[in-house]
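The values are calculated or read from the model by the stated rules, or taken from the named source; none is laboratory data. Computed from a prediction, not measured in an experiment: that's the story for all the values here. For neighbour counting, all protein chains shown are included, and Cβ atoms are generated from backbone atoms with ideal geometry for every residue, glycine included. These area figures cover heavy atoms from the full protein model, side chains too; ligands, DNA and RNA do not enter into them. Shrake-Rupley method; radii C 1.70, N 1.55, O 1.52, S 1.80 Å.
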Amino acid sequence: MKKLIIPLSMLLYFVFALSISAQNTQKTDTTQEKQITQKVQKDSVEGYWKTIDDVTHKPKSVVKIWIDHKTGKLFGKIVKLFIQPGKNPNPVCDKCDKDDPRYNKKVLGMTIITNMVRDGKKWNDGEILDPKKGKVYDCKLWVENGKLQVRGYILFFYRTQTWLRYKGKI
(Lines give C-alpha, C1' and ligand atoms only; values in the text may rest on other atoms or scores of the structure.)
Protein backbone atom coordinates (compact mmCIF):
# COMPACT_ATOMS: atom_id res chain seq x y z
CA MET A 1 0.00 0.00 0.00
CA LYS A 2 1.43 3.35 -1.06
CA LYS A 3 1.12 6.33 1.23
CA LEU A 4 -0.37 9.45 -0.27
CA ILE A 5 1.84 12.40 0.45
CA ILE A 6 0.47 15.87 -0.35
CA PRO A 7 3.13 18.48 -0.68
CA LEU A 8 2.74 21.36 1.74
CA SER A 9 2.43 23.89 -1.11
CA MET A 10 -0.56 22.01 -2.58
CA LEU A 11 -2.23 21.83 0.83
CA LEU A 12 -1.78 25.58 1.35
CA TYR A 13 -3.14 26.28 -2.14
CA PHE A 14 -6.22 24.14 -1.43
CA VAL A 15 -6.90 25.92 1.88
CA PHE A 16 -6.41 29.33 0.21
CA ALA A 17 -8.82 28.43 -2.63
CA LEU A 18 -11.49 27.32 -0.15
CA SER A 19 -11.05 30.55 1.79
CA ILE A 20 -11.53 32.72 -1.34
CA SER A 21 -14.60 30.70 -2.36
CA ALA A 22 -16.18 31.15 1.08
CA GLN A 23 -15.52 34.91 1.00
CA ASN A 24 -17.13 35.26 -2.44
CA THR A 25 -20.19 33.30 -1.30
CA GLN A 26 -20.44 35.51 1.78
CA LYS A 27 -20.15 38.67 -0.35
CA THR A 28 -22.91 37.40 -2.67
CA ASP A 29 -25.17 36.61 0.29
CA THR A 30 -24.48 40.05 1.81
CA THR A 31 -25.24 41.78 -1.50
CA GLN A 32 -28.51 39.86 -1.85
CA GLU A 33 -29.44 40.69 1.76
CA LYS A 34 -28.75 44.39 1.11
CA GLN A 35 -30.90 44.33 -2.04
CA ILE A 36 -33.77 42.68 -0.17
CA THR A 37 -33.42 45.18 2.71
CA GLN A 38 -33.37 48.12 0.28
CA LYS A 39 -36.51 46.78 -1.47
CA VAL A 40 -38.33 46.38 1.85
CA GLN A 41 -37.26 49.88 2.95
CA LYS A 42 -38.28 51.34 -0.41
CA ASP A 43 -41.77 49.84 -0.10
CA SER A 44 -42.17 50.54 3.63
CA VAL A 45 -44.09 53.54 4.88
CA GLU A 46 -41.98 53.54 8.04
CA GLY A 47 -39.12 55.99 8.24
CA TYR A 48 -38.47 59.69 7.73
CA TRP A 49 -40.36 61.58 5.02
CA LYS A 50 -39.87 65.12 3.72
CA THR A 51 -43.08 67.05 3.13
CA ILE A 52 -43.26 69.63 0.35
CA ASP A 53 -45.30 72.84 0.50
CA ASP A 54 -48.08 72.82 -2.12
CA VAL A 55 -47.67 76.51 -2.92
CA THR A 56 -43.91 77.20 -2.72
CA HIS A 57 -42.82 73.64 -3.61
CA LYS A 58 -40.10 73.97 -0.94
CA PRO A 59 -39.44 71.45 1.85
CA LYS A 60 -41.77 72.10 4.77
CA SER A 61 -41.03 69.44 7.37
CA VAL A 62 -39.78 65.94 8.11
CA VAL A 63 -42.28 63.45 9.50
CA LYS A 64 -41.21 60.27 11.26
CA ILE A 65 -43.66 57.47 10.53
CA TRP A 66 -43.72 54.35 12.67
CA ILE A 67 -45.89 51.38 13.52
CA ASP A 68 -46.91 50.85 17.13
CA HIS A 69 -46.17 47.14 17.40
CA LYS A 70 -48.55 46.72 20.35
CA THR A 71 -51.60 47.95 18.41
CA GLY A 72 -50.38 47.46 14.83
CA LYS A 73 -51.45 51.04 14.05
CA LEU A 74 -49.34 53.61 12.24
CA PHE A 75 -48.51 57.13 13.48
CA GLY A 76 -46.53 60.11 12.23
CA LYS A 77 -44.81 62.92 14.10
CA ILE A 78 -43.13 66.11 12.88
CA VAL A 79 -39.45 65.85 13.82
CA LYS A 80 -37.97 68.70 11.79
CA LEU A 81 -39.20 71.98 10.34
CA PHE A 82 -37.71 73.89 7.42
CA ILE A 83 -38.47 77.45 8.53
CA GLN A 84 -38.48 80.11 5.81
CA PRO A 85 -36.76 83.43 6.60
CA GLY A 86 -39.06 85.83 8.41
CA LYS A 87 -41.40 83.06 9.62
CA ASN A 88 -42.01 82.08 13.25
CA PRO A 89 -39.22 79.63 14.21
CA ASN A 90 -41.49 77.92 16.77
CA PRO A 91 -44.96 77.72 15.20
CA VAL A 92 -47.90 76.43 17.22
CA CYS A 93 -51.20 74.95 16.10
CA ASP A 94 -53.25 78.05 16.92
CA LYS A 95 -55.90 77.14 14.31
CA CYS A 96 -56.57 73.67 15.76
CA ASP A 97 -59.96 73.19 17.39
CA LYS A 98 -59.83 74.40 20.98
CA ASP A 99 -60.97 70.98 22.21
CA ASP A 100 -58.11 69.27 20.32
CA PRO A 101 -55.23 68.53 22.76
CA ARG A 102 -52.80 69.88 20.12
CA TYR A 103 -54.37 73.36 20.25
CA ASN A 104 -51.65 76.00 20.83
CA LYS A 105 -48.97 73.29 21.09
CA LYS A 106 -45.68 73.47 19.20
CA VAL A 107 -45.82 71.96 15.74
CA LEU A 108 -42.33 70.48 16.15
CA GLY A 109 -42.81 67.16 17.93
CA MET A 110 -46.53 67.07 17.19
CA THR A 111 -48.17 63.78 16.16
CA ILE A 112 -50.10 64.59 13.00
CA ILE A 113 -50.90 61.09 11.69
CA THR A 114 -52.91 58.85 13.99
CA ASN A 115 -54.45 55.39 14.17
CA MET A 116 -53.80 54.25 10.60
CA VAL A 117 -54.75 50.62 9.92
CA ARG A 118 -53.00 48.39 7.39
CA ASP A 119 -55.04 47.24 4.41
CA GLY A 120 -52.66 45.24 2.19
CA LYS A 121 -49.95 47.63 1.03
CA LYS A 122 -52.00 50.70 1.98
CA TRP A 123 -52.80 52.28 5.33
CA ASN A 124 -56.16 53.94 5.97
CA ASP A 125 -58.95 54.56 8.49
CA GLY A 126 -56.79 57.03 10.42
CA GLU A 127 -56.47 60.80 10.46
CA ILE A 128 -53.99 63.48 9.49
CA LEU A 129 -53.78 67.00 10.86
CA ASP A 130 -52.74 69.99 8.78
CA PRO A 131 -51.25 72.10 11.61
CA LYS A 132 -51.10 75.23 9.45
CA LYS A 133 -54.86 75.17 8.83
CA GLY A 134 -55.82 73.31 12.00
CA LYS A 135 -57.92 70.87 9.98
CA VAL A 136 -58.15 67.13 10.56
CA TYR A 137 -58.80 64.87 7.56
CA ASP A 138 -59.41 61.19 7.03
CA CYS A 139 -56.20 59.73 5.64
CA LYS A 140 -54.81 57.05 3.37
CA LEU A 141 -51.08 56.31 2.85
CA TRP A 142 -49.18 54.12 0.40
CA VAL A 143 -45.76 53.94 -1.24
CA GLU A 144 -45.60 54.30 -4.99
CA ASN A 145 -42.27 54.26 -6.85
CA GLY A 146 -40.39 54.85 -3.59
CA LYS A 147 -42.45 57.95 -2.73
CA LEU A 148 -45.10 58.21 -0.03
CA GLN A 149 -48.55 59.15 -1.28
CA VAL A 150 -50.52 60.92 1.45
CA ARG A 151 -54.19 61.44 0.77
CA GLY A 152 -56.35 63.56 3.06
CA TYR A 153 -60.04 63.60 2.36
CA ILE A 154 -63.48 64.68 3.53
CA LEU A 155 -66.33 62.68 2.00
CA PHE A 156 -65.61 62.51 -1.75
CA PHE A 157 -63.17 65.41 -1.85
CA TYR A 158 -59.49 64.68 -1.45
CA ARG A 159 -56.01 65.98 -2.03
CA THR A 160 -52.93 63.79 -2.44
CA GLN A 161 -49.44 64.95 -1.58
CA THR A 162 -46.20 63.19 -2.46
CA TRP A 163 -43.63 62.96 0.33
CA LEU A 164 -40.01 62.05 -0.33
CA ARG A 165 -37.83 59.75 1.77
CA TYR A 166 -35.52 61.87 3.94
CA LYS A 167 -31.92 60.87 4.56
CA GLY A 168 -30.50 64.07 6.07
CA LYS A 169 -29.85 65.04 9.66
CA ILE A 170 -32.72 65.54 12.07
Problem set entry | Residue-count net charge about Arg159 - beta-carbon cut-off 12 Å; Lys, Arg +1, Asp, Glu -1 | +1
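With viscosity set to 1.567 mPa s at 4 °C, what whole-number translational diffusion coefficient in µm²/s follows for the stretch 53-134 from Stokes-Einstein and a Kirkwood radius over Cα pairs? Can you show the working numbers first?
Values: Rh = 13.8 Å.
For these conditions, the coefficient is 94 µm²/s.
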For this session: Take the alpha carbon atoms of the stretch 79-96, find their center, do the same for the stretch 145-170, and report the distance between the two centers in whole angstrom.
Result: 19 Å
Exercise. Taking square-rooted eigenvalues a ≥ b ≥ c of the alpha carbon gyration tensor, is the stretch 107-170 rounded, prolate or oblate, where a/c under 1.5 means rounded and, failing that, a/b exceeding b/c means prolate?
Worked result: oblate
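Where Lys and Arg each count +1 and Asp and Glu each count -1, what net charge lies around Asp53 among other residues with Cβ under 10 Å from its Cβ? Numbers along the way, then the final one.
Working: positive: Lys58, Lys60, Lys132; negative: Asp54.
Net of charged neighbours comes to +2.
Quick one: length gained pulling Ile154 to Lys167 fully straight, 0.36 nm per residue minus the C-alpha distance? Don't jump to the answer; show the numbers that get you there.
Working: separation 13, 0.36 × 13 = 4.68 nm, distance 3.18 nm.
Full extension of this stretch gives 1.5 nm more.
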Exercise. When ranked by the protection proxy of mean other Cβ atoms within 10 Å per residue, highest first, what sequence do the peptides 63-74, 131-142, 96-107 form?
Worked result: 131-142, 63-74, 96-107
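Give me the net charge for the shell around Asp119: Cβ to Cβ below 11 angstrom, other residues only, Lys and Arg +1, Asp and Glu -1. Don't jump to the answer; show the numbers that get you there.
Values: positive: Arg118, Lys121, Lys122, Lys140; negative: Asp125.
Local charge sum for Asp119: +3.
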Problem set entry | Viscosity 1.002 mPa s, temperature 20 °C, Stokes-Einstein D of the stretch 32-170 from Kirkwood C-alpha radius, µm²/s | 137 µm²/s
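Could you provide, to the nearest whole Å², the per residue accessible area of the stretch 30-165 with probe 1.4 Å? Walk me through the numbers before you get to the answer.
Details: 8950 Å² over 136 residues.
Averaged over the residues of the stretch 30-165, the accessible area is 66 Å².
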